[in-house]
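**Student:** Just passing along the structure, written as structure tokens.
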Amino acid sequence: MASLDKRNRYFPESISEGQSRDSGMALVLICLLIGFFARKNLFILLSIIFLVVNMTVPALYRPFAKLWLGISHILGTIVSKIILTLIFILLVTPVGVLRRIMGKDSLQVNRWKKDTSSVFTARDHLFNADDIEKPY
């Protein structure tokens, strides 16, 4: 039962006519690209047929739209995790290592660990209207 719940999380239960039409247009574009780059006239003919069907009866694309949207949601979930991991490994980690090598301690963690006093600084500032209107 748990696998059924996971599958339903990615694949939509109901498909609107707009989503069916969009998925049909994606199918037309895929066929056009294959026909153009592979120089196959069969795919150009298929894209024309798919386009006519999409313009007249887009509801025929509901099963394809369900599959298409489900796969795109799964790919989006996977790719976003990969991209965020790469950003963290390639950008955030080297900056953190470089700051540690340079001896930077923005959070004052070392001072807080060595001393029993607080690392928070008191800021005696009287706020005026400009501070509220332009906070940055």
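The values are calculated or read from the model by the stated rules, or taken from the named source; none is laboratory data. Note that the structure is a prediction, hence the values are computed from the model and not measured. Cβ placement follows ideal geometry from the backbone for every residue including glycine, while neighbour counts extend to all protein chains displayed. With ligands, DNA and RNA removed, areas are computed over all heavy atoms of the protein, side chains included. Shrake-Rupley method; radii C 1.70, N 1.55, O 1.52, S 1.80 Å.
**Student:** Just to check I understand the Karplus step: with θ = phi - 60° and J = 6.51 cos²θ - 1.76 cosθ + 1.60, what whole-Hz values come out for region 13-20, glycine and proline as x?
**Tutor:** 6, 10, 10, 7, 5, x, 5, 5
**Student:** Normalising by the residue count of the chain, find the relative contact order in percent from Cα pairs under 8 Å and 6+ residues apart.
**Tutor:** Dividing the mean separation by the residue count of the chain yields 24 percent.
**Student:** How much space per residue, in cubic angstrom, does the convex hull of the C-alpha atoms of region 3-74 take up?
**Tutor:** Enclosed volume per residue, from the Cα hull, is 87 Å³.
**Student:** Would you calculate the separation in nanometres between label points at residue 109 and residue 95, each defined as 7 Å from the Cα along the Cα-to-beta-carbon direction?
**Tutor:** In this crude spin-label approximation the distance works out to 1.6 nm.
**Student:** Give the accessible surface of the chain per residue, rounded to a whole number of Å², with probe radius 1.4 Å and ligands, DNA and RNA excluded.
**Tutor:** Normalised by residue count, the accessible surface of the chain is 85 Å².
**Student:** Check each of the trypsin sites (Lys or Arg not before Pro) in region 50-118 and keep only those in coil by DSSP with at most 12 other C-beta atoms within 10 angstrom; list them in order.
**Tutor:** Within region 50-118, the qualifying trypsin sites (Lys or Arg not before Pro) (loop, at most 12 other Cβ atoms within 10 Å) are 104.
**Student:** Using only Cα atoms, tell me the angle between helix 93-102 and the longest principal axis of the chain; keep it within 0 to 90° and round to the nearest 10.
**Tutor:** So the helix axis and the longest Cα principal axis differ by about 20 degrees.
**Student:** State the dimensionless ratio Rg/Rh of the chain (Rg: radius of gyration of Cα atoms; Rh: Kirkwood radius).
**Tutor:** 1.31
**Student:** For residue 34, tell me the accessible area in Å² from a 1.4 Å probe, rounded to the nearest 10.
**Tutor:** Accessible area, nearest 10 Å²: 70 Å².
**Student:** In the chain, what is the count of Lys pairs whose alpha carbons are under 18 Å apart, counting only pairs at least 8 residues apart or on separate chains?
**Tutor:** Lysine pairs satisfying the spacing and distance rule in the chain number 4.
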